[in-house]
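Asker: Dropping the structure in here first, questions after.
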Amino acid sequence: MFGIKNPINPSTAFTATITTRDSGGGLIDGPSPTNVYTIKKIVSADIADGAITWTKPVESFMRRVTVVDNAAGNAVGWNPDGLQQLFDIFIFDDLREQNTGYVSVLFPDTCKSNGILNELEFDVFCNPAPPDGTALHYLAVNLPENIVQ
């Protein structure tokens, strides 16, 4: 997709036109207009406690978590030993308030999540297995109830 730009001024009467073309530029479908949608200007009162910073989103929406390889990290499922590749990570109590969400592993970069955050846990698969002492860094995003995965 290309050519999508934010408008200079917010409005309640935006539409987009979608056209599908083949690799040679021939028309497959469209142009088809979308329904009218609204673009709202976001102000500091719309985010967190009114203080917008790159380090502080609303934690009930999104949180960066670091789990170290110690007793506390082992208790939530992170216990790298250089052999184990699959980990079931139990989420922290305050992240359990939401029913569903998305998880993205930030580090180690050889590890990936299945992406699904449910009430209790999410899976992490690493290839190769992380060595003993490796910390896990992930981003958890809670989704509103009206969002279906």
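The values are calculated or read from the model by the stated rules, or taken from the named source; none is laboratory data. Here the structure is a predicted model, which means the values were calculated and not measured. Counting neighbours? That spans all protein chains shown, and the Cβs are built from the backbone with ideal geometry, glycine included.
Asker: From the list ILE52, ILE18, ILE28, pick out the single residue that is out of contact with any strand residue (DSSP E or B) (no Cβ under 9 Å at 6 or more places or on another chain), outside any helix (DSSP H, G or I) and either modelled with pLDDT of 65 or more or farther than 16 Å from TYR138 by Cα (or both).
Answerer: The unique qualifying residue is ILE52.
Residue-by-condition table, conditions (1) at pLDDT 75 or above; (2) closer than 30 Å to THR20 by Cβ; (3) buried (at least 16 other Cβ atoms within 10 Å of the Cβ); (4) of a type in the set (Gly, Ala, Ser):
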site: PRO33; (1), (2), (3), (4): yes, yes, no, no
site: ILE89; (1), (2), (3), (4): yes, no, yes, no
site: PRO108; (1), (2), (3), (4): yes, no, yes, no
site: ASP123; (1), (2), (3), (4): yes, no, no, no
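Asker: Any residue in the range 73-87 that is surrounded by 13 or more Cβ atoms within 10 Å (Cβ to Cβ) and modelled with pLDDT under 90?
Answerer: no
Asker: Which one is farthest from VAL67 (Cα to Cα), of the residues in the range 123-138 that are in contact with an Asp or Glu (Cβ under 7 Å, 6 or more places away or on another chain) and small (Gly, Ala, Ser)?
Answerer: Going through the qualifying residues, I end up with GLY133.
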